[in-house]
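See below for the structure under consideration.
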Amino acid sequence: MAAIFSIASGKGGVGKTLITTSFGILLSRQGKKVIMIDGDMGLRNMDLGLGVENECLYNIYDAAQGKCFLEEAIIPVSKNLDFLPASQNDSWDTVFPSAFDTVLEDIQNSYDFILIDCPAGLGKGIETAFSLSDHVVLVIAPSWASRRNADRLRTMVKPQISAHFVLNQFSYVNDRQIGFDDMLETVDPDLFGGVLPYSEAVNQLSHFGHMTELDNDCAFSKALAYILRSILEDKEFPVTRWKSLVCQGDKENEKILNGLPLRKSHYGLTWNSGSKVYRRRRR
Ligand SMILES: Nc1ncnc2c1ncn2[C@@H]1O[C@H](COP(=O)(O)OP(=O)(O)OP(=O)(O)O)[C@@H](O)[C@H]1O
Ligand SMILES: [Mg+2]
C-alpha cells in the first residue's frame, strides 16, 4: 500500500507544487514507484513544471466520473514516476471528495508513494487530502504570514497523522526576507522537517517545464533528500547541516547570477479555447 503525502501551506505561492514535484522526482530516482496528483482543482499548474501540459487530455475527476479509464488520465513522466492532473474547469466546490477517495483506493496498490499537491487556502480540497494522508508536509516561506497560515493548517491535521513543517526558499544573502535562524526559532523541533534553499537553477527548471532535469547534487536536492529521511525515518539532523545547505544554495545562485549561462529555450504558452487550457507553443 502506498504511503500518502499531502503538501500544503495555507498561503499561496510558497512552493507546494515545486516541492511535490521534486519529492516525486527524487523518490522515483531512489527506485520507488511514485504518482503525483495535482489537487489544485480549477487552478492546476503542476503539469507546467513537468512539461507535460500538452499531454493532459483527461484528469482525475474525469477518471472518477467514468469519463475515461484511469490509465488514460495517468501520464507517465519518467521511470517510476507518474502524474495525475487536476481538472481545469471544475473546482473543489463542484468536485466530490468521494470521487478523489475512489481514485486513490484504485491506485493505492500500484505505487509506493502517492503525493498530493494541495491547493492554497482552507476548504474541501485540503480537508479531503488530509483525511486520506499518512504524512502532511506544511510549507513555510520566509514570511510571518506564511508561518501563521501553516500553523492554522496544522490544527486541521489529526493527531495520529505525521505532520512536518518544511521551510522553503531560504537564503542568507537576501536580507529583505525573514532569515532561516529567526524562522527556525519559532518551529517546534519535533515538527521541523528541514529547510530548502532558494535555488535560481530549480526556479528556472520549474518555469521552463524541465523539472525532471533536477540536478541530484545541488543544495536543493541534497536538502530534499534529508527532509525525506527526517520524515520517513524520523531522523534528526544537526542545525549546522541545514545552515550549510542554505549557504551552498546561496553560492550556487551567485554563480548563476554572475553569468553562468541561463537556459535559452523558452517556449511560450498559448490559450487553447477549444479545450480551455494553456498549451506550450512547441516542445
Ligand atoms: N526553493 C525554491 N527555489 C527557487 N524557486 C522556488 C523555490 N520554491 C518555490 N519556488 C518558485 O516559487 C514559485 C511558486 O512556487 P509554487 O508554484 O510551487 O508555489 P505553490 O505554493 O504551489 O503556489 P500555489 O499556492 O499558487 O499553488 C514558482 O515560480 C517556483 O519556481
Ligand atoms: Mg501550487
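May I ask you to say which residue of Ala86, Ala120 is in contact (Cβ under 8 Å) with a residue 60 or more places away in the chain, under 19 Å from the mean Cα position of the chain (by Cα) and buried (at least 18 other Cβ atoms within 10 Å of the Cβ)? Full working, then the answer.
Values: Ala86 fails: in contact (Cβ under 8 Å) with a residue 60 or more places away in the chain.
Result of the check over Ala86, Ala120: Ala120.
Listed by position, the helices (runs of 4 or more DSSP H) inside region 164-243 whose residues that are within 16 Å of ligand 2 (Cβ to nearest atom) and buried (at least 17 other Cβ atoms within 10 Å of the Cβ) number at least 3 are 200-207.
State whether one or more residues within region 26-35 are among the basic types (Lys, Arg), part of a helix (DSSP H, G or I) and in contact (Cβ under 8 Å) with a residue 40 or more places away in the chain.
Let us first name the residues in region 26-35 that are among the basic types (Lys, Arg), namely 29, 32-33.
Now restrict to residues that are part of a helix (DSSP H, G or I): 29.
With the extra rule that they be in contact (Cβ under 8 Å) with a residue 40 or more places away in the chain, the set shrinks to 29.
Scanning region 26-35 turns up at least one residue that is among the basic types (Lys, Arg), part of a helix (DSSP H, G or I) and in contact (Cβ under 8 Å) with a residue 40 or more places away in the chain.
Are any residues in region 149-163 exposed (fewer than 14 other Cβ atoms within 10 Å of the Cβ) and either aromatic (Phe, Trp, Tyr) or touching a residue at least 24 places away in the same chain (Cβ under 8 Å) (or both), and if so, which ones?
Taking region 149-163 as the starting set, the residues that turn out to be exposed (fewer than 14 other Cβ atoms within 10 Å of the Cβ) are 152, 155, 158-160.
Arg152, Lys158 - these are the residues of region 149-163 that are exposed (fewer than 14 other Cβ atoms within 10 Å of the Cβ) and either aromatic (Phe, Trp, Tyr) or touching a residue at least 24 places away in the same chain (Cβ under 8 Å) (or both).
Aliphatic (A, V, I, L, M), surrounded by 14 or more Cβ atoms within 10 Å (Cβ to Cβ) and at pLDDT 95 or above: is that true of Ala129 in this structure?
Numbers: aliphatic (A, V, I, L, M): yes; surrounded by 14 or more Cβ atoms within 10 Å (Cβ to Cβ): yes; at pLDDT 95 or above: no.
No: the conditions fail for Ala129.
In region 227-250, what residues are in contact (Cβ under 8 Å) with a residue 40 or more places away in the chain, out of contact with any Pro (no Cβ under 6 Å at 6 or more places or on another chain) and of a type in the set (Gly, Ala, Ser)? The one that is in contact (Cβ under 8 Å) with a residue 40 or more places away in the chain, out of contact with any Pro (no Cβ under 6 Å at 6 or more places or on another chain) and of a type in the set (Gly, Ala, Ser): Ser230. So Ile35 passes all but one of these: (1) crowded, with 20+ Cβ neighbours inside 10 Å; (2) touching a Pro at 6+ places or on another chain (Cβ under 9 Å); (3) aliphatic (A, V, I, L, M). Which condition number does it fail? All conditions pass for Ile35, except number (2). When region 7-43 is filtered for residues that are among the aliphatic types (A, V, I, L, M), within 9 Å of ligand 1 (Cβ to nearest atom) and touching a Ser or Thr at 6+ places or on another chain (Cβ under 7 Å), the ones remaining, listed by number, are Ile7, Val14, Leu18. Looking only at residues in region 25-58 that are of a type in the set (D, E, K, R) and within 16 Å of ligand 2 (Cβ to nearest atom), which one is farthest from Cys118 (Cα to Cα)? Among those that are of a type in the set (D, E, K, R) and within 16 Å of ligand 2 (Cβ to nearest atom), it is Glu53.
Here is a check on your reading of the model: is Asn109 surrounded by fewer than 20 Cβ atoms within 10 Å (Cβ to Cβ) and either in contact (Cβ under 8 Å) with a residue 24 or more places away in the chain or touching a Gly at 6+ places or on another chain (Cβ under 6 Å) (or both)? Considered against the rule, which asks whether it is surrounded by fewer than 20 Cβ atoms within 10 Å (Cβ to Cβ) and either in contact (Cβ under 8 Å) with a residue 24 or more places away in the chain or touching a Gly at 6+ places or on another chain (Cβ under 6 Å) (or both), Asn109 comes out as yes.
Scanning region 116-163 for residues that are within 21 Å of Phe180 (Cα to Cα), polar (S, T, N, Q) and assigned to a helix (DSSP H, G or I) turns up Ser146, Asn149.
The values are calculated or read from the model by the stated rules, or taken from the named source; none is laboratory data. Since the model is a prediction, treat every value here as computed from it, not as a measurement. Using ideal geometry, Cβ is built from the backbone for each residue, glycine included, and neighbour counts are taken over all protein chains shown.
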